[in-house]
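Data first, discussion second: the structure below is written as structure tokens.
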Amino acid sequence: MVLNNAQLHPAVTFSNKVFRKDNEYSRYVRRFRDRAIYPSFTIQPSAFSRYDLDIPALIRNLGWKSLFEDQRFTYCPEAVRLFYVNLKRESGPDLYSFKTTVGNFEITDDLVHDIGRYFPNLHFAGRLPDDLCVLHFFITRILLPRSLSSATLLHTSDLSILHHARSGRRISYASLAFCHLVQYGDDNNDGWLPLAPLITQLLRKLGIDLRDKITLCNVHDDLKAQHVLARLDASVGPRKPFTGSGGEAATLIKALVSAAEVVIDRELIGFSNEFKGKRKIPLTSLASLSTRLKLLKDGGRASTSRIREEDEAVEEPKDNADISDYDSPPHYPF
């Protein structure tokens, strides 16, 4: 919807003819016209409550609850790229220093703990407790998304946000988002352009007419809490590996049944040779063979059936809020 309230300002018509200098247009073509747009991820913080992780409380402590109540995912790629062209690095403070905005935080014992794993340095998010590790996932993929190559690292800005969330102090998301956007207006940053839906929404509220422009919706909505916990190697959540239909136990049972079939064939051949040329077969021998064949066949089938029933019981989730850990994760990096 285009704002056209006379009390505010007249609506502005969006135009590609915004380059007054040739070097500005050359910069757009060279650095921004073909830049990829960062995709959107949608997952509610409450999805982690079943694992006793109170992520909604951390979000509320920051004052960011409303960010998950009215999420927008459509964006105008052309307008987003032109928006970044007009951002200059000197437009705002450096997101990763953050000394003048929210203070200079260091890695402290109240944020990280020894989990018995080796990390190359202290700045790996894997050292965080599970709840802060999940919150860091939300920061680096949804709220202030950045390249996956650096999403596992703790930047100074990440530490400040985690400190505020843990201590119950609010922090301005608008300030953080603006500082984050400025980083990608720099020619030295060639990463995917983040927060495209937010930028598009902002331009519309400013009265810029985007009705005749192409809009897209690149959102990954099949991401589950179990996927995130497995990705973060958290200490909570189902940890059983997926090994195919029936799992390793069923594979073993199938091999045993195949071996049993070989034994049955040998029994039949031996039985045939033993009573070859005889008119009558002793009933005791028939009963013995019948019993052994039944044990070999039915025993293997019953074991396979029990394994299958147990696997199916594990594969079926208790509710529809999540999926089984036996299901494959999404086929995209996150």
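The values are calculated or read from the model by the stated rules, or taken from the named source; none is laboratory data. These numbers come from a predicted model, not from an experiment. Every residue, glycine among them, receives a Cβ derived from its backbone with ideal geometry; neighbour counts consider all protein chains shown. With ligands, DNA and RNA removed, areas are computed over all heavy atoms of the protein, side chains included. Shrake-Rupley method; radii C 1.70, N 1.55, O 1.52, S 1.80 Å.
Just one of the numbered conditions (1) in contact with a Leu (Cβ under 6 Å, 6 or more places away or on another chain); (2) modelled with pLDDT of 90 or more; (3) open to solvent by 50 Å² or more (accessible area, probe 1.4 Å) is not true of Cys76: (3).
For (1) charged (D, E, K, R); (2) at pLDDT 70 or above; (3) more than 24 Å from the chain's Cα centre (by Cα); (4) within 25 Å of Thr42 (Cα to Cα), each residue gets a yes or a no:
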residue	(1), (2), (3), (4)
Asp109	yes, no, yes, no
Ile115	no, no, no, no
Leu122	no, yes, no, no
Ala125	no, yes, no, yes
Thr140	no, yes, no, yes
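Which of the residues that make up the range 197-223 are open to solvent by less than 60 Å² (accessible area, probe 1.4 Å) and out of contact with any Ser or Thr (no Cβ under 8 Å at 6 or more places or on another chain)? Hits for the range 197-223 are Ile199, Gln201, Leu203, Gly207, Lys213. Of the residues making up the range 207-236, those that are assigned to a strand (DSSP E or B) and within 27 Å of the chain's Cα centre (by Cα) are Leu216, Cys217, Val219, His220. For the range 170-206, a residue qualifies if it is among the hydroxyl-bearing types (Ser, Thr, Tyr) and assigned to a helix (DSSP H, G or I), and the qualifying residues are Tyr173, Ser175, Thr200. The number of residues in the range 138-191 being under 27 Å from Arg27 (Cα atoms) and in contact with a His (Cβ under 7 Å, 6 or more places away or on another chain) comes to 1. The criterion of being crowded, with 19+ Cβ neighbours inside 10 Å, among the aliphatic types (A, V, I, L, M) and over 23 Å from Asp70 (Cα atoms) does not hold for Leu193. Residues in the range 155-182 that are open to solvent by less than 10 Å² (accessible area, probe 1.4 Å), over 14 Å from Gly63 (Cβ atoms) and out of contact with any Gly (no Cβ under 7 Å at 6 or more places or on another chain): Ser157, Asp158, Leu159, Leu162, His180.
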